[in-house]
Structure formats: C-alpha cells, structure tokens
Amino acid sequence: MTSSWPWRAVFLGAIAVLTVSHGPAWSRSSKAFGVRLANAALSQRWIPTLYYPSYMKISYPNGDVPIYLGVCTDVVVRAYRALGIDLQKRVHRAGIGSGDRNIDHRRVRVLRQFFARYGRSLSTAKDPKLYKPGDIVTYYVPDGNFSKTHIAIVTQYKTYDGVPLVVHNRGYSVQLENWLFARKITGHFRFH
C-alpha cells in the first residue's frame, strides 16, 4: 500500500529530516540529476577529509588533490565528476579565472562566475521552497578561518521546518548540515 502523503521521515544519525515531493514546476529530469548530484556529494562523507586549501599541481583533465584532502569546492567538483562532468576542464575552457588548470576550479569566486555564465542563476531569497536538490549555493562568510567565501550543494533532505539541508566542507570534513541560511548567500545556481 502506498502512502498518499507527499513526505516521509528519514533519520540521518542524530538528525531527523523530512523529504518532500516537489510539485510539477520542476521537471523530472532536473530533479533526477539534482538528486544524483546531491547523492554524489553525500557519498563523500564516508572519507575523512583534511581541509587543505593550499596550491597543488594536479593532472589535467580530471585532476584532483588526494581524496583525503579537500576544501568546499572539492565537494562540488568531485560530485559533478562522479556524474561525468569535469569542472576543471570546463572552467579552463571557459577562460574563467587566471588560466591555471591546477587551482581555478578550486576557488569559489571562479566557480560562482562559471555557474552564473553557464548555469541558471536563481533567487537568493531566504525561502526554502526555492532551493532544490543539486542546487549550488555560494556564501560570504566574514568569520571564515581559511576563506571568506564558501560553496555548498542543496540536498533532498529537509528539516522538520522544511529547510533543505546542504552537503559541504567547512573545515570539518564533508558534512550534511542545516546550514542553508546560516550565512549571507551570494549566489544560487542550477547547472545540469
């Protein structure tokens, strides 16, 4: 017997969240990609990651720092790469940033410009209904220890209040958190 309720409870460790079905305004293909992207980011939580913002020489294309190292942008880059999209290559070919294939795609400012140019720019209003799984959100973090900018991926999991949880790395490895509206949002994008 199938439930007619548009939500279901999911328990993730100490956090209980609700997953809510999205209305017809969001296409099935966008939803499927967004959930797959969020899941690719969520799968990174099982690998302890040391926050390592330093410059490293990496291969091109599909270059990456060692899997046990990373920053917030690496969560996004690795999630897209799991779905066959190499942001290192795309950012470099787009000519955004300094032209350095080792670091440009690992900087929030550069990714924000890339997503604004090649993705869909969306409202940054503090309305939970506007944020869908797989959306990319950038932030200004004035009290950041390593950087004043940040990036996260919206997931399909929500708080009981209906606020989507994000997956990101704030310096404590990759985490799923109720952090969507914790800091000033500087960009909200959908890139499929």
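Measure off 7 Å from each Cα along the Cα-to-Cβ vector at N145 and R109, then give the distance between these two points in nanometres to one decimal. So the label points at N145 and R109 sit 2.3 nm apart.
In a fully extended conformation the segment linking L69 and F181 would gain 37.7 nm over its present Cα-Cα distance, using 0.36 nm per residue.
With a cut-off of at most 12 other beta carbons within 10 Å, and DSSP calling the residue loop, which chymotrypsin sites (Phe, Trp or Tyr not before Pro) in segment 64-119 qualify? Please list them. Counting only loop positions with at most 12 other Cβ atoms within 10 Å, the chymotrypsin sites (Phe, Trp or Tyr not before Pro) in segment 64-119 are Y68.
Bridgeable lysines around K31 (alpha carbons under 29 Å apart, same-chain partners fewer than 8 residues away excluded): K89, K126, K129, K132, K158, K184. In the calculated pair distance distribution of segment 7-190, what percentage of Cα-Cα distances lie above 22 Å? So the pairs more than 22 Å apart make up 42 percent of the total in segment 7-190. With the cut-off at 1.5 for a/c, could you classify segment 81-148 from its C-alpha gyration tensor as rounded, prolate or oblate? Since a/c reaches 1.5 but b/c is at least a/b, the shape of segment 81-148 is classed as oblate. Listed by Cβ neighbour count within 10 Å, with the fewest neighbours leading, I136, I151 appear as I136, I151.
Taking the 0 to 90 degree range and rounding to the nearest ten, how far is the long axis of helix 72-82 tilted relative to the main principal axis of the chain, both from C-alpha atoms? So the helix axis and the longest Cα principal axis differ by about 80 degrees.
FYI, it's all coordinate maths here, none of it is from the lab. None of these values were measured; they are calculated from a predicted model. Cβ: placed from backbone, ideal geometry, glycine included. Neighbour counts: every protein chain shown.
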